[in-house]
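Written out below as structure tokens is the structure these notes cover.
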Amino acid sequence: MPVREAAPVVRSAEPVRLPQAAADAVPAMAETAVRNSASQWSAAEKLDYLRRKNIGNCQRCKLSTTRKQIVFGVGDPEADLMFIGEAPGFDEDRQGEPFVGAAGRRLTQWLGRLGLRRDQVYIANVLKCRPPGNRDPEADEVERCSPFLRAQIRAIAPKVIVCLGRYAGILLLGRPTDTTLREMRSRSWRYVDPSGAHEASLHVTYHPSYVLRREQELAPGQRNPADDTVMSDLQQALSKIRVGAAAPQNS
Ligand code: URA
């Protein structure tokens, strides 16, 4: 008998309200007016407000002292398909765009094999600032930064989210921090925003950096099974958009 997965507990994060920054500076009535008009904003306008007013020159965690710049996200604000990685690395910190280094080039290749360009999807990370030396994200950093990712997801409202690596999967599925990638990949999940404002089909696959590391262990020209695995995961994710299939439940 197949073992049924327990419904994931979505970790509650402090909600990001669009006019949050303005709330400190303006009377309640003005805040309400901004809130009301925000419901009419386009996805691009919501993302812009989130980036400039809510995140601003963020100092909410220690990464603000070592980053060169905040790496917000890139792509089509109305994309059906959203990729979420871990955190900016060296190249991203310098260029201000996610996935532009070696891992990013592999992600761009994957998209190309699917007939997609980077500007047809949206790409973001769990953390918006680079951890020094590309170390793993720490719990307090994820806690401080994740409300912005959730707000980004609400603004974009993608049909399908692809988590690249464990960190994004663990966060968005509310799984324990020792959950392995193997436990999350090869099936589709349902992402539900804590406010209930948005739902999407969610898939977890290998991070491109892991795939590149595996490649280095292979003989030249040898096929990389991890790369094939990602392609099959991405095809599965994309099929949710292309055929408009009903999204699965988590239990
Ligand atoms: N790795 C990530 O997880 N994100 C990036 O933007 C780059 C590398």
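The values are calculated or read from the model by the stated rules, or taken from the named source; none is laboratory data. Bear in mind that the values here come from a model prediction, so they are computed numbers and not experimental data. Every residue, glycine as well, gets a Cβ built from its backbone with ideal geometry; the counts of neighbours run over all protein chains shown.
Taking the criterion of being of a type in the set (S, T, N, Q) and touching a residue at least 40 places away in the same chain (Cβ under 8 Å), the residues of the stretch 174-226 that qualify are 186, 188, 195, 201, 205, 209.
Can you spot a residue in the stretch 113-121 that is surrounded by 20 or more Cβ atoms within 10 Å (Cβ to Cβ) and not aromatic (Phe, Trp, Tyr)? Checking the stretch 113-121: at least one residue is surrounded by 20 or more Cβ atoms within 10 Å (Cβ to Cβ) and not aromatic (Phe, Trp, Tyr). Hey, any hits in the stretch 55-65 for a residue that's farther than 22 Å from residue 173 by Cβ, among the β-branched types (Val, Ile, Thr) and more than 18 Å from the chain's Cα centre (by Cα)? Yes: one or more hits. Scanning the stretch 56-95 for residues that are surrounded by 14 or more Cβ atoms within 10 Å (Cβ to Cβ), away from the ligand (no atom under 16 Å from the Cβ) and closer than 20 Å to residue 144 by Cα yields 58, 60, 61, 62, 64.
Being within 16 Å of the ligand (Cβ to nearest atom), closer than 14 Å to residue 165 by Cα and touching a helix residue (DSSP H, G or I) at 6+ places or on another chain (Cβ under 8 Å) is a description that applies to residue 209.
Would you mind stating whether residue 96 is in contact (Cβ under 8 Å) with a residue 12 or more places away in the chain and under 22 Å from residue 143 (Cα atoms)? For residue 96, the condition - in contact (Cβ under 8 Å) with a residue 12 or more places away in the chain and under 22 Å from residue 143 (Cα atoms) - is met.
The condition (being in contact with a Gly (Cβ under 8 Å, 6 or more places away or on another chain) and at pLDDT below 95) is satisfied by just one residue among 10, 26: 10.
When residue 159 is tested against (1) among the basic types (Lys, Arg); (2) closer than 11 Å to residue 84 by Cα; (3) more than 13 Å from the ligand (Cβ to nearest atom), just one condition goes unmet, and that condition is (2). Here the stretch 96-110 is the region considered, the condition is being within 14 Å of the ligand (Cβ to nearest atom) and assigned to a helix (DSSP H, G or I), and the residue that is nearest to residue 238 (Cα to Cα) is 110.
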